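Each reported figure results from applying straightforward, stated rules to the coordinates on display, with no laboratory input. Only a predicted model underlies this, so the values are computations on that prediction, with no experimental measurement involved. Every residue, glycine among them, receives a Cβ derived from its backbone with ideal geometry; neighbour counts consider all protein chains shown.
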Amino acid sequence: MGSNLSNKILPKVVVVGRPNVGKSTLFNRFLRERKAITDPTPGVTRDPIEASCIIGNRELLLIDTGGFKLERDDEFDELVSKKAVQMIGEGDLILFLMDVMDVTPEDEAFIELLRPYEEKVILVANKVDTVEKENEVWNLYSYGFSTVLGISAEHNRNIYDLEDAITSRLEFVDIEGKELHNSPDIKITILGKPNAGKSTLANALTKSGNSLVSDIAGTTRDVVEGHFKYEEYDFQILDTAGIRRKSKVKEDVEYYSVNRAIKTIADADIVYLLIDVEEGLTDQDKKIASQIIKHGKGVILVLNKWDVMKELGNDFNAVQDRVRFLFPVLGFAPILNISALKKRGFRDLLKKTVELYNELEKRVETNHLNDALAEWQDFNPAPIVKGKAIKCRYLTQVSVSPLKFVLFVNREKNFPDFYKRYILNQIRKEFGFKNVPITLDLKES
């Protein structure tokens, strides 16, 4: 395993500042999409969020960070502030956001932290929503930064001036014969309940600290993207917010976080459904699984924290049987045990991920499907329903990832469910689709 190199080629622009100065709004403005969650509540952003974007016809890596606080009320504030400071050293250019009408001690403390990096700082006075407020920007020159710009991220004022300032301060590397930002071969999203170990697993696989990790449930809010390489495959992995029962979701921010987590299923090839083995399988895990099946995605049931179970002498086969019993709808899905904290079981997990990906991308020639269909009907003929024979005329595959097949029959109405399951199971068995979801639709002809 290794980190993806494509992002390292792109110059990094890091957006920093105290809470609620508009960092995520500016981040979304540059991306022209709502990738970072924005809310009037201070401290919504926790994990740094990375995205490549085009500014002034040049590609760069933009990083949104959590708000820097002087008074830190809990573990979250400490983790977020430390991560924001860490990102300053990693950036090629720093966009330091301030509220043009509200300079605070936190701003001034952050300025002192930025002193060693003055040459790569642009002071961005945000919330300059009117012409009158532009006069206030001059006051911020007193802090000694060479470039000070007044903007309104929300109202798109002076954004082009900021884009020009960014591109003029960066060096862009042109690499002939290489793609600057490679598309991943395999896209993974990690889903599960809060505190199942999703961020720990994402950090371990990417060999990074991209996602904040804490014992407090609900640490991750935004979708955090990471990259790594295994064998010849480039992976993208999305760490998502923990998904709780709808009745327990009280805050708007958590609602948006959970909603975005569910939406990552559509963009993924494979979903890791992370299950805390100490807690066991829950109804919420089953609801998440139903969404995965609905989208036709590959899924691996990942039993995390297995190092604790081994100490208790729990047998994997017994746990696996219990999961299968409680979770019959995912009878096809592989079950693996890992310890994200101790980095155990990763090789088996990634090997199985590649196996599922190849199954999802497999296409079967129509003539082979229909030769097999004839054999299946000879061995187990279709039944007679209400005095009329059921005939399966033709079978074809219509898509990969998700895998969809269409069976043309003489009568769609009253077609026996058990015979449809028989054909579906034969497709799995004959053509090697044992670990992935398959859809078989009927069409009358």
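Quick one: order Phe316, Phe68 by neighbouring beta-carbon count within 10 Å, fewest to most. Ranked by crowding around the Cβ, least crowded first: Phe316, Phe68. Counted by neighbouring Cβ atoms within 10 Å, the residues Asp276, Asp164 run from fewest to most as Asp164, Asp276. Near Leu442, the amide H atoms lying under 5 Å from its own belong to Leu407; only residues 5 or more places off or on other chains count, and H is placed 1.01 Å from N. Residues whose amide H falls under 5 Å from that of Val385, counting only those 5 or more places apart or on a different chain, are Ile390, with hydrogens built in the peptide plane. If Lys and Arg each add +1 and Asp and Glu each add -1, what is the summed charge of the other residues whose beta carbon sits under 9 Å from the beta carbon of Ala153? Here the charged neighbours net out to +3.
Charged neighbours of Arg115, selected by a Cβ distance under 15 Å, balance to -4 (K, R count +1; D, E count -1). Each Lys or Arg adds one and each Asp or Glu takes one away; over the other residues whose Cβ falls under 14 Å from the Cβ of Asn370, this sums to -3. For the set Lys351/Lys404; Lys297/Lys388; Lys83/Lys294; Lys193/Lys343, the pairs lying more than 32 angstrom apart at their alpha carbons are Lys297/Lys388; Lys83/Lys294. With θ taken as phi - 60° and the Karplus curve 6.51 cos²θ - 1.76 cosθ + 1.60 applied, the whole-hertz 3J(HN,Hα) list for the range 382-389 is 5, x, 9, 10, 6, x, 10, 6 Hz, x standing for glycine and proline. Which of rounded, prolate or oblate describes the range 366-444 when judged by the alpha-carbon gyration tensor and an a/c cut-off of 1.5? Since a/c reaches 1.5 and a/b is larger than b/c, the shape of the range 366-444 is classed as prolate.
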